[in-house]
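Participant: Quick one: this structure, given as structure tokens, is what I'll be asking you about.
Bear in mind that the values in this text are calculations on the coordinates, not laboratory data. Not measured: the values here are computed from a predicted model. Quick reminder, even Gly has a Cβ in these numbers, built from the backbone with ideal geometry, and neighbours come from all protein chains shown.
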Amino acid sequence: MIPRLRFWRTDANTFRLFCKKLTEAGALDAVFADFGRQLKERGYNAAKSKVRARVEYVFARQRDQMGLFIRIIGTKRAEARISLANVAYNMRRLIFR
């Protein structure tokens, strides 16, 4: 039996016990299987993979060809370096494509 929670916040032990009881009952596997089936039916994975592939291409290009490796102290300096790399990437796309 799942312990009743007295507070709206749970601690790590209560959460672990809850997951253990769900796993023992076989409910956790069923929930994840149903969730995966719903994602596949709605096409979420395909849509996300298209976006992910495009974004990863841009980051790989910036890292490999432009030598973008950020090891800078300060958020503002890192943002400036990333912004300049984005501008250079977009200018290269505009000129060569």
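Participant: On each of the three principal axes of the Cα atoms of the chain, give max minus min coordinate, whole Å, ordered largest first.
Facilitator: Between the extreme Cα coordinates on each principal axis of the chain lie 65, 38, 21 Å.
Participant: At 222 nm, what helix-only mean residue ellipticity would the chain give, in deg cm²/dmol to the nearest 500, using -39500 (n - 2.57) for each DSSP H run of four or more?
Facilitator: Dividing the helical sum by the residues of the chain leaves -26000 deg cm²/dmol.
Participant: Where a Cα-Cα gap under 20 Å defines reach, which lysines qualify for LYS40, not counting those fewer than 8 residues away within the same chain?
Facilitator: LYS48, LYS50
Participant: Here's another thing I want to ask about it. Using the basic label-point model (7 angstrom from Cα toward the beta carbon), what is the LEU28 to ARG77 distance in nanometres?
Facilitator: 4.5
Participant: Moving on to the next point. With a cut-off of 8 Å between alpha carbons and a minimum separation of six or more residues, what is the relative contact order of the chain in percent?
Facilitator: Relative contact order for the chain comes out at 13 percent.
Participant: Here's another thing I want to ask about it. Against the longest alpha carbon principal axis of the chain, how many degrees, from 0 to 90 and to the nearest 10, is the axis of helix 12-25 turned?
Facilitator: The answer is roughly 70 degrees.
Participant: Let me check I've understood the local charge: for ALA78, count other residues with C-beta under 15 angstrom from its C-beta, Lys and Arg +1, Asp and Glu -1. What total comes out?
Facilitator: Computed value for this residue: +4.
Participant: So, one more: Output needed: percent of Cα pairs per 10 Å distance bin for the stretch 24-69, bins running from 0 to the one holding the longest distance.
Facilitator: 23, 26, 23, 18, 9, 1
Participant: OK, next. What do you get for the angle between helix 75-96 and the principal long axis of the chain? Use alpha-carbon atoms, 0 to 90 degrees, nearest ten.
Facilitator: Tilt of helix 75-96: around 60 degrees.
Participant: How much space per residue, in cubic angstrom, does the convex hull of the C-alpha atoms of the stretch 58-97 take up?
Facilitator: Once divided by residue count, the hull of the stretch 58-97 is 54 Å³.
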